[in-house]
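Engineer: Please find one structure pasted underneath; my questions will follow.
Bear in mind these aren't lab numbers, they're just calculated from the coordinates by the rules spelled out. As the structure is a prediction and not an experimental result, all values here were calculated from the model. Don't worry about glycine lacking a Cβ; one is built from the backbone with ideal geometry, like all the others, and counts go over all protein chains shown.
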Amino acid sequence: MSKKTAAFYNYFSFLYPIVDVFLKPQKTVLFKEVNAMPIGKLLEIGVGNGAHFKHYKKHEITGIDTSATMLETARKNRSGNISILEMSGEAIKFSDEAFDYVVLSHVIAVVNNPQLLLAEAYRVLKPGGQVFILNHFTTDNWLRYIDQSFQQIAKLLHFKSVFRIEDIPAIKKFELRKQINLGIASYFKLLIYQKP
Ligand SMILES: C[S@@+](CC[C@H](N)C(=O)[O-])C[C@H]1O[C@@H](n2cnc3c(N)ncnc32)[C@H](O)[C@@H]1O
């Protein structure tokens, strides 16, 4: 976990709703896929300000994040049976096989160590459990040059602009169940993986 990233999100949490406006169309797809799954225990890692809570229709939700300020807003957005905890997705304090679903929405390229994040997601998922990964992914088309040239600025904004899921060894333990391409030139993707 990076204390600097937590401090960054503490400081700029008030701006996040503006960023979220641009992410809305792809998140609609995420919620549709999550809500189509049978009832179960869902862990959202990097839950941010909890804006997603109202979109989850039937699952038992636990949200974790490293930014205390984001979580303060998340607590205001909470309704019903939702648990919110300050905790890193790179060191999850839940037992093995505790969840049916894990949601990683725009967090995998933010955390310090995506390998640890995915290994932890794998550990806390039940066999047959699914992880929903919504993010930008560096493509093989012209968009990769934008990602490459944006790397230094992205570092200041605490994310990795060049990001390829196949570079993370832990993803190989999962089976890809579904891929939905989103945005211009499929720059964003919703990847749904299953733990065998
Ligand atoms: C770009 S925001 C995404 C928020 C929300 N998931 C969304 O889709 O809008 C990234 C969030 O991940 C959190 N975060 C960063 N590193 C983390 C870590 N190691 N464990 C848990 N959350 C983390 C940040 O505090 C921030 O709230």
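Engineer: Does the range 45-56 contain at least one residue that is exposed (fewer than 15 other Cβ atoms within 10 Å of the Cβ) and either free of Cβ contacts under 8 Å to residues at least 60 places away in the same chain or not basic (Lys, Arg) (or both)?
Structural biologist: There is at least one residue in the range 45-56 that is exposed (fewer than 15 other Cβ atoms within 10 Å of the Cβ) and either free of Cβ contacts under 8 Å to residues at least 60 places away in the same chain or not basic (Lys, Arg) (or both).
Engineer: Counting only residues that are within 16 Å of the ligand (Cβ to nearest atom) and basic (Lys, Arg), which one in the range 154-175 is nearest to residue 3 (Cα to Cα)?
Structural biologist: Restricting to residues being within 16 Å of the ligand (Cβ to nearest atom) and basic (Lys, Arg), the top hit is 155.
Engineer: Additional query: Please give the number of the condition residue 64 fails out of (1) closer than 22 Å to residue 130 by Cα; (2) more than 9 Å from the ligand (Cβ to nearest atom); (3) crowded, with 17+ Cβ neighbours inside 10 Å.
Structural biologist: (2)
Engineer: For the range 148-179, name all the residues that are part of a helix (DSSP H, G or I) and closer than 25 Å to residue 11 by Cα.
Structural biologist: 151, 152, 153, 154, 155, 156
Engineer: Looking only at the range 30-40, decide whether some residue is touching a Leu at 6+ places or on another chain (Cβ under 7 Å), on the phi < 0 side of the Ramachandran plot, near the ligand (Cβ under 9 Å from one of its atoms) and in a helix (DSSP H, G or I).
Structural biologist: Yes, the range 30-40 has at least one match.
Engineer: Does at least one position in the range 78-86 carry a residue that is within 10 Å of the ligand (Cβ to nearest atom) and closer than 24 Å to residue 190 by Cα?
Structural biologist: No, because not a single residue in the range 78-86 is within 10 Å of the ligand (Cβ to nearest atom) and closer than 24 Å to residue 190 by Cα.
Engineer: Give the number of residues within the range 121-145 that are over 18 Å from residue 48 (Cβ atoms) and not in a loop (DSSP other than H, G, I, E, B).
Structural biologist: Number of matching residues: 12.
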